[in-house]
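Accompanying notes for the structure given below.
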Ligand SMILES: Cc1ncc(C[n+]2csc(CCOP(=O)(O)OP(=O)(O)O)c2C)c(N)n1
Ligand SMILES: [Mg+2]
């Protein structure tokens, strides 16, 4: 599945502006952008790609448990993120590294999560309303729609003040479009006319399942059956991604109801570092999309507008700096104390979590006296029987282990609840 007659494209793969019936309504939004903003689009795409490659390398070197590449999907992410206003709320899936960075998320938070050091939490109030990554496919579409309903109840949209009116942007993938959650989100968004814009990044694969198997109809048509207007855009064209998302967010903020974008792009890398795409896809497909690379075509466009080698060298240097900084900071990360895992499960204290934390503490304490493998034996505490009375020492140790086990609830019993 590639571009169709319905695909909105403002910049061709050759780097030229496209003037067509489909592009005409959106071109003024792009023509209003100054050179600085256009150059920022490029900077963001290049820097996040470099970050992505460095994170992938760190994973291969054993420094991260997993990496989720965004290689190839930079244009729709950067374009749509620039279309949002500061007051808008954003609900990502798990591949939207560029969107998070543009909203102010320190990318080290993503790194720490994929190193296994955090549960993935950040405070959206500190990250430009960029909510948490969601690994449960499609569920963020419901969170976003619920948030949109809340915005309506608060009277925070359609007041006529675009500086204050709030819209809600959600991202999900082609595979997610087959989930009930996404379809239920469409039902509620359409029924209540919530201020939501849904961006589907059709990267052509849901792990090893090709998009053709997800749908008999182009995905942008799906939402129309729910009464939600939609466009299919060239997701490797940062200008189209910006302009269509901008126009849709403006409509959502103004109270015109939800909108849906299918962005045609391609996952150039593996699904995650645990995946090997050579097992299920052809090299020709990769080569086809490499010809439509989002960064290459935008560079051509910027050069035609007068950007010179200095600018591109400066962007590359910034990308290298970020990559080096991420590497240094990754190697400096320290492990959290294990008991921290119980702390942020719920906002308020919870009896089951408290019980598990108590068991864990007792369990850790029960290990404290055991020598590490190969370590010098720990000196026995005062009052323990002297050498030669090993039977009594073993019995004393067994007693204390029994006591620890009795004091601590069994994790199995917690699991049965
Ligand atoms: C509810 C649920 N079902 C299955 C999975 C396993 N899973 C992880 S990623 C994925 C594919 C998602 O594909 P898509 O929505 O196209 O997003 P992409 O990874 O291509 O960005 C699946 C099935 C999951 N995480 N959650
Ligand atoms: Mg996909």
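The values are calculated or read from the model by the stated rules, or taken from the named source; none is laboratory data. Quick caveat: nothing in here was measured; it's all calculated off a predicted structure. Counting neighbours? That spans all protein chains shown, and the Cβs are built from the backbone with ideal geometry, glycine included.
Below are the figures for this structure:
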| item | result |
| --- | --- |
| Considering residues of segment 167-181 that are in contact with a helix residue (DSSP H, G or I) (Cβ under 6 Å, 6 or more places away or on another chain) and closer than 18 Å to residue 147 by Cβ only, the residue farthest from ligand 2 (Cβ to nearest atom) | 167 |
| Test for residue 312: is it surrounded by fewer than 23 Cβ atoms within 10 Å (Cβ to Cβ), in contact with a strand residue (DSSP E or B) (Cβ under 9 Å, 6 or more places away or on another chain) and in the same structural domain as residue 167 (by TED's automatic domain parsing) | no |
| Matching residues, segment 78-97, being in a helix (DSSP H, G or I) and either away from ligand 2 (no atom under 16 Å from the Cβ) or in contact with a strand residue (DSSP E or B) (Cβ under 6 Å, 6 or more places away or on another chain) (or both) | 78, 79, 80, 81, 82, 83 |
| Test result for residue 248, over 30 Å from residue 187 (Cβ atoms), surrounded by 14 or more Cβ atoms within 10 Å (Cβ to Cβ), more than 16 Å from ligand 2 (Cβ to nearest atom) and in the same structural domain as residue 99 (by TED's automatic domain parsing) | no |
| Close pairs from segment 271-289: first assigned to a helix (DSSP H, G or I), partner away from ligand 1 (no atom under 13 Å from the Cβ), Cβ under 7 Å, at least 6 apart | none |
| Segment 185-214: number of residues that are in a strand (DSSP E or B) and farther than 19 Å from residue 256 by Cα | 7 |
| Within segment 141-153, tally of residues that are more than 11 Å from ligand 1 (Cβ to nearest atom) and buried (at least 23 other Cβ atoms within 10 Å of the Cβ) | 4 |
| Residue match in segment 238-245 (condition: touching a strand residue (DSSP E or B) at 6+ places or on another chain (Cβ under 9 Å), without any contact (Cβ under 8 Å) to a residue 12 or more places away in the chain and more than 11 Å from ligand 2 (Cβ to nearest atom)) | no |
| Pairs where the first residue, in segment 12-39, is at positive phi and the second is at pLDDT 95 or above and assigned to a loop (DSSP other than H, G, I, E, B), C-beta under 6 Å, 6+ apart | none |
| Residue pairs meeting the criteria (Cβ under 7 Å; at least 6 apart or on separate chains; first farther than 15 Å from residue 249 by Cβ, in segment 145-174; second at pLDDT below 95 and within 16 Å of ligand 2 (Cβ to nearest atom)) | 174/214 |
| Test: residue in segment 13-20 that is assigned to a loop (DSSP other than H, G, I, E, B), touching a strand residue (DSSP E or B) at 6+ places or on another chain (Cβ under 9 Å), modelled with pLDDT under 95 and away from ligand 1 (no atom under 16 Å from the Cβ) | yes |
| Residue 224 away from ligand 2 (no atom under 16 Å from the Cβ), assigned by TED's automatic domain parsing to the domain that holds residue 54 and touching a helix residue (DSSP H, G or I) at 6+ places or on another chain (Cβ under 6 Å) | no |
| Answer from 217, 134 - the residue that is in a loop (DSSP other than H, G, I, E, B) and more than 15 Å from the chain's Cα centre (by Cα) | 217 |
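For (1) under 24 Å from residue 167 (Cβ atoms); (2) at pLDDT 95 or above, each residue gets a yes or a no:
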position: 108; (1), (2): no, yes
position: 113; (1), (2): no, yes
position: 117; (1), (2): no, no
position: 120; (1), (2): no, no
position: 125; (1), (2): yes, yes
position: 128; (1), (2): yes, yes
position: 133; (1), (2): yes, yes
position: 136; (1), (2): yes, yes
position: 140; (1), (2): yes, yes
